[in-house]
There are 4 protein chains.
Amino acid sequence: MNLTSFESIVTQYKTIFFDAFGVLKNHQGLLPGIGKTFELLERENIDFFVITNDSSKGPSELAASYQRQGLTQITEEKIVSSGMLAREYLTHKVKSGSVAYLGTPESAHYIEKVGLKTVSIKDLDLNNVQDINTLVFLDDEGFDWSNDLNKTVNLLRYNNITSIVCNTDMAYPVAKNEVAIAIGGIAKMVQEIVGKKFIRFGKPDAQMFIFAYEHALREGQHVQKNEILMVGDTLVTDILGGNKFGLDTALVLSGNTLPANAETRILSSGIIPTYVCESASI
Amino acid sequence: MNLTSFESIVTQYKTIFFDAFGVLKNHQGLLPGIGKTFELLERENIDFFVITNDSSKGPSELAASYQRQGLTQITEEKIVSSGMLAREYLTHKVKSGSVAYLGTPESAHYIEKVGLKTVSIKDLDLNNVQDINTLVFLDDEGFDWSNDLNKTVNLLRYNNITSIVCNTDMAYPVAKNEVAIAIGGIAKMVQEIVGKKFIRFGKPDAQMFIFAYEHALREGQHVQKNEILMVGDTLVTDILGGNKFGLDTALVLSGNTLPANAETRILSSGIIPTYVCESASI
Amino acid sequence: MNLTSFESIVTQYKTIFFDAFGVLKNHQGLLPGIGKTFELLERENIDFFVITNDSSKGPSELAASYQRQGLTQITEEKIVSSGMLAREYLTHKVKSGSVAYLGTPESAHYIEKVGLKTVSIKDLDLNNVQDINTLVFLDDEGFDWSNDLNKTVNLLRYNNITSIVCNTDMAYPVAKNEVAIAIGGIAKMVQEIVGKKFIRFGKPDAQMFIFAYEHALREGQHVQKNEILMVGDTLVTDILGGNKFGLDTALVLSGNTLPANAETRILSSGIIPTYVCESASI
Amino acid sequence: MNLTSFESIVTQYKTIFFDAFGVLKNHQGLLPGIGKTFELLERENIDFFVITNDSSKGPSELAASYQRQGLTQITEEKIVSSGMLAREYLTHKVKSGSVAYLGTPESAHYIEKVGLKTVSIKDLDLNNVQDINTLVFLDDEGFDWSNDLNKTVNLLRYNNITSIVCNTDMAYPVAKNEVAIAIGGIAKMVQEIVGKKFIRFGKPDAQMFIFAYEHALREGQHVQKNEILMVGDTLVTDILGGNKFGLDTALVLSGNTLPANAETRILSSGIIPTYVCESASI
């Protein structure tokens, strides 16, 4: 396995897209040395965005958590999350009625900010749903799985309702050697039971990369796709999605993909990163 | 749609296999007139078995519920359930250690009867699992979905454990226009998250029909496959499974498959029953 | 089923995205009356694009076929095809070496125009593939299925090669009551056999819609997503993709979705168009 | 990885089920030393069967090929193939009409022996199919893939026809580092395009093991499931199927599963063999 130094490649690009978990942080907090990488970006005037399949909080809360840990360069404007993409969808497509949701009040708060009426599945009366046209899967917390997932299945079986999933991940890490089932995994089970098509937002879907690219352009930057590097620890989301969107990609071995099996995984998946680096720390 | 009278065909067979829900009973209890069918079978000396994807109770409890409703012909020996198949597997394959389970104590009680030690996932200490070699998905009740499913995912991720699913159904009816997520649906979600292969027992799998066939032979009967009729309300489980095993099959329109779309469903699925009947009642 | 007149809605939008087959044409040629729709668009100064999962020809050849039939408004610039998206990918990501392909020389010709070296799988020597870094599935014609698909499987099994599929469809209509297997269906079989992840271009993928949207903006138009109407005959590609991208959508009943089952299909799929119209003809 | 000597375990069982490819033979012929294993079985009066997902030939032709190579113990009665299972299905279920097939005349010959009328898809007139009630996928050779697979898709789309797949494998080895697409892979593509349910025969399906078990009993032997050892080189077919049927299982490392990754594959799949042995040779 031919490893490239991250420092040697990062300065060749105008904009960097970073995955969050396994690249900037892990279950113990920020990765050692990642602060230096952001100092380098600042010094060299290289733009960046953090692209994350997270809909449990709004971008300001996500940014605040980096700030608290000392990564002051990651401000709200630097966050691109699947939750933001879902909110944009709802803004465009839901013109009246209420949006039912599975998640915490905090996760719903973010979509309420654009003026949408929301109702938690746990408070919904199944005999009175004519006002509901959309269901949003936001977070795996904030509801009773047994009671509220059965309610969700029955809501979808007999009503014309569009279902939105704000996180394509099946599970997420909560500690060393411990994961939790993500709302993406739960939504997949519900989808198979009701047999309908859900709209899913998150990497590796192209819409996530388009959304980040639009953010990169919004700041007045002129940046071409071949001037952007996508950095991630997971082949099937970060690298596949980046490749498909036409970006150069760097697989880092600080998270999901271990140094011992990176080569095997690349060959067996057919997902080929432009570079493989030990980590994004310098 | 060419309908056949059930009475006119049932007497042509030596043994009848009945699906339970949608054929013998529905959410309101026994189907009207089904008692007469069993009187006819008795009179004509036609053998029968009830084949059900149910692992929430043992066969004696399942039979008792028919008896209470007046269908006295359905005794314990007439029940063939996916739970019984799972118990047979455990008897053959688990020679030591403990079996972890998701379900009620009642569902576990049935597998304890053959001398197996069981432990509910909710009582399991993840730091002390070296005694566990098998996990059984028994029932959707008896545990806290959020807490115990996350625990299950972490148990399976890091240990060499065989997973057994005792019910292949994704959902089951609990009232008119109301279903509940079945343990088969939950197990499928866990399987996709951990990426392992589970052993699943239940229709349409051939093993369920073999098991029923063995029961038919056990009673000293000499019966050939072409002397058996499988009666069910669901194309993808009852009819597909019966056809594959080489049996004649009768689709009844008293449950899952409605008269209005039976013809379309047969054409679109390619699953072709030998007969289509209004119901198994006469 | 509440039908809306296409004429009454089309003038409410600044830009129309049309699916091709089942909307503008069918196996017999252009749909009767579709010419009038394009005259209306011209008169009202409404922009439009034809969005098609077709990689068998370049956009000029696709446009020429409409022109020959009298739809002179459909020029090369109005075509947005999955083949164009694939070519853009190749331009960004393939910087050296050769691109192997399955398809006709005509389909390959289109990607050669941007300076890429191509080699048909049928001419490829499996002992001499170090120059190949990408495989493109272009068309179901132009090669021997048995010989060249086996060759493709062996090429992909032992080499680090990125696979690109330029058409997500499984089949396409060739006559009334007759379809043919599309290169998208063939690619799916190869993908399952080799167990790798392929990059697939075509509706309902968001990248297809962003590509069309970029074309809409390129002409100097200022158009918002909510000023665009996507018109299609297929729920799972046209309508799902348009909805997800944030567009209003019109399902027409002149192709894949028949008037008799439109309502059932919408309810059973959970894919809800903004409007349902008899056809795009006026 | 704790390896067990095959010789030390084989004599503990009354009957051995062997997978063929990767266990008894590979692309170069019989595995070295496998003859001694069969001499031991003979000497110790241990019964055996060869269980193979092969429908390209009948059992006598399959046995003849072992005999030619000197393994004279493998006679026709010792072969249990997915093709035999399919023939049994056809015998039970097809009472009139013709069976269409994809495969060589040789593969069809085997099913013709029981009196069934067959017609190759390549000779079928799509305008005259009312006599056809079943389609059988027999072999990947003997027809023109492009022409005859398109014909198959159109046959199934508009007619009530049961489809039988006689080999569940997606590919099979033809030389060192070379595989060919199996009829099971082709059938899966057709199934997805037409959206129907096919009946599939072959390992790991339980029906294959019950069929072998019935053969074991037919010879007058009294053998219990726990007195049978299933020997295979593939976790997802041989070992999973054997485990599920309640047999002890031995994974051999002479074929599909390499010594270097056996441990990882067992942990990642959750398919746990009773033993792991270097090979079945002694």
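The values are calculated or read from the model by the stated rules, or taken from the named source; none is laboratory data. This one's a predicted model, so the numbers in the text were calculated from it and none came from an experiment. Every residue, glycine as well, gets a Cβ built from its backbone with ideal geometry; the counts of neighbours run over all protein chains shown.
Details
- Exclusive hit being of a type in the set (Val, Ile, Thr) and under 27 Å from B:Ala108 (Cα atoms), set B:Ile16, B:Ile34, B:Ile51: B:Ile51
- Odd one out for C:Ser8 among (1) over 14 Å from C:Glu278 (Cα atoms); (2) free of Cβ contacts under 8 Å to residues at least 24 places away in the same chain: (1)
- Here C:Gly246, C:Gly202 are screened, and the one residue that is under 15 Å from the mean Cα position of the chain (by Cα), buried (at least 20 other Cβ atoms within 10 Å of the Cβ) and on the phi > 0 side of the Ramachandran plot is C:Gly202.
Listed here are the residues, each with its yes/no results for (1) touching a Lys or Arg at 6+ places or on another chain (Cβ under 6 Å); (2) under 21 Å from B:Ile199 (Cβ atoms); (3) at the interface with chain B (Cβ under 9 Å from one of its Cβ atoms); (4) assigned to a helix (DSSP H, G or I).
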residue	(1), (2), (3), (4)
D:Ala212	no, yes, no, yes
D:Val231	no, yes, no, no
D:Val236	no, yes, yes, yes
D:Gly242	no, yes, no, yes
D:Ala250	no, yes, no, no
D:Glu263	no, yes, no, yes
D:Ile266	no, yes, yes, yes
D:Val276	no, yes, no, no
D:Ala280	no, no, no, no
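- Of the residues making up segment C:31-63, those that are basic (Lys, Arg) and touching a Ser or Thr at 6+ places or on another chain (Cβ under 8 Å) are C:Lys36, C:Lys57.
- Complete set of residues in segment C:81-116 that are within 12 Å of chain A (Cβ to nearest Cβ) and hydrophobic (A, V, I, L, M, F, W, C): C:Leu85, C:Ala86, C:Leu90, C:Val94
- Residue in segment B:186-203 that is among the acidic types (Asp, Glu) and assigned by TED's automatic domain parsing to the domain that holds B:Thr11 present: no
- Count - residues of segment B:81-102 that are among the charged types (D, E, K, R) and free of Cβ contacts under 8 Å to residues at least 40 places away in the same chain: 2
- Set side by side, the residues A:Met189, A:Met208 differ, and just one is within 20 Å of the chain's Cα centre (by Cα), surrounded by 21 or more Cβ atoms within 10 Å (Cβ to Cβ) and within 19 Å of A:Tyr110 (Cβ to Cβ), which is A:Met208.
- Total residues in segment D:249-273, condition surrounded by fewer than 18 Cβ atoms within 10 Å (Cβ to Cβ) and of a type in the set (S, T, N, Q): 4
- Restricting segment B:214-246 to residues that are modelled with pLDDT of 95 or more and among the acidic types (Asp, Glu), the residue that is nearest to B:Ser81 (Cα to Cα): B:Asp238
- Evaluated against (1) crowded, with 17+ Cβ neighbours inside 10 Å; (2) within 11 Å of chain A (Cβ to nearest Cβ); (3) not acidic (Asp, Glu), C:Gln224 falls short on exactly one condition, (1).
- Top-ranked residue of segment A:160-186 - restricted to ones that are of a type in the set (Gly, Ala, Ser) and surrounded by fewer than 21 Cβ atoms within 10 Å (Cβ to Cβ), ranked as nearest to the chain's Cα centre (by Cα): A:Ala171
- Out of D:Lys117, D:Lys57, D:Lys93, sole residue that is surrounded by 20 or more Cβ atoms within 10 Å (Cβ to Cβ) and within 30 Å of B:Leu267 (Cβ to Cβ): D:Lys93
- Residue match in segment C:237-250 (condition: among the hydroxyl-bearing types (Ser, Thr, Tyr), in contact with a strand residue (DSSP E or B) (Cβ under 7 Å, 6 or more places away or on another chain) and farther than 16 Å from C:Phe18 by Cβ): no
- In segment B:13-59, of all residues being within 15 Å of the chain's Cα centre (by Cα) and of a type in the set (A, V, I, L, M), the one that is farthest from B:Tyr172 (Cα to Cα) corresponds to B:Val50.
- The set of residues from segment B:121-131 being part of a helix (DSSP H, G or I) and surrounded by fewer than 21 Cβ atoms within 10 Å (Cβ to Cβ) comprises B:Lys122, B:Asp123.
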